[in-house]
Amino acid sequence: MTWLLGYMDPSDPCFVAAVFTIIFNPLFWNVVARWEQKTRKLSQAMGSPYLACYVLGGVILLLNILRSHCFTQAMLSQPRMDSLDSPMARLVGLLLLGVGGVLVLSSFFALGFTGTFLGDYFGILKESRVTTFPFSILDNPMYWGSTANYLGWAVVHASPAGLLLTAVVALTYVVAILYEEPFTAEIYRRKTSQPDKRS
């Protein structure tokens, strides 16, 4: 991906802001969720784990809107790539946006609000781990759907900055998955081995 640097200025403030929000968002929600899981401070302060989860989910949604805004502004502040500025490339970008949208929305409907926004850290567990579509075809479809959306958005805009930022998104999600997956597997392993206990 280093060849993309010839088409853009990585020191541009909009690009720096986009990189910051891309990295900050999953760091924030993982740190807060682990703190809640260990202390239950948010649930205690709000009187309910559900309310605390809804509030954190709302904050995450707002942060993701900010991330998408910064991503778009970074693309608009940088040059376009002629080789991507074609009807075929735009069609590919739109297809990626479609696939990404399906993965994100179907993941949300399968998990529900609390399942999407870290409810398991608040002690809000489903009967078992979700294995229906899209989880039946792909692990972590919400993350990969989001990545496909950013890639599609970058291709539609013929943006080398967008392509590089999408790589940052993908790398950040890989790190988040490595951090989150063992915890999720462990809590559902415990739930399976102690089915009568409730959080």
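The values are calculated or read from the model by the stated rules, or taken from the named source; none is laboratory data. If you're wondering where the values come from, they're calculated on a predicted model, not measured in any experiment. We place every Cβ from the backbone using ideal geometry, glycine too, and count neighbours over all the protein chains shown. These accessible areas exclude ligands, DNA and RNA; they are computed on the full protein's heavy atoms, side chains included. Shrake-Rupley method; radii C 1.70, N 1.55, O 1.52, S 1.80 Å.
A few remarks follow.
- Radius 14 Å from Cβ of F117, net charge of other residues (Lys, Arg +1; Asp, Glu -1): -2
- Here, the stretch 51-131 has an Rg and a Dmax of 17.4, 51 Å when only alpha carbons are counted.
- When only the Cβ of Lys, Arg, Asp and Glu is charged (+1, +1, -1, -1), the dipole of the chain relative to its Cα centre reaches about 740 debye.
- Simple label model, 7 Å out from Cα along Cβ direction - A185 to R34, nm: 1.7 nm
- Taking the 1.4 Å solvent-accessible surface of the stretch 25-65 as the whole, the part contributed by carbon and sulfur is 71%.
- Per residue accessible area of the stretch 61-142, 1.4 Å probe, in Å²: 55 Å²
- Nearby aspartates and glutamates by direct alpha-carbon distance to K38 (threshold 13 angstrom, same-chain neighbours under 8 apart not counted): D120
- Part-to-part distance (alpha-carbon centres) for the stretch 1-73 and the stretch 141-199, which is given in Å: 13 Å
- Per-residue ³J(HN,Hα) for the stretch 76-86, Karplus 6.51 cos²θ - 1.76 cosθ + 1.60, θ = phi - 60°, Hz, x for Gly and Pro: 5, 8, 10, x, 8, 9, 4, 5, 9, 8, 8
- For the stretch 101-108, putting each phi into the Karplus relation 6.51 cos²θ - 1.76 cosθ + 1.60 with θ = phi - 60° gives couplings of x, 4, 5, 5, 5, 5, 5, 4 Hz, in residue order, rounded to whole numbers and with x for Gly and Pro.
- Using distinct alpha-carbon pairs, which all enter the 1/r mean, Kirkwood radius of the stretch 33-185 in Å: 16.9 Å
- Relative contact order of the chain: 31 percent, from C-alpha pairs under 8 Å at least 6 residues apart in sequence.
- In order through the stretch 91-97: 3J(HN,Hα) via Karplus (6.51 cos²θ - 1.76 cosθ + 1.60), integer Hz, x for Gly, Pro: 5, 4, x, 5, 5, 4, 4
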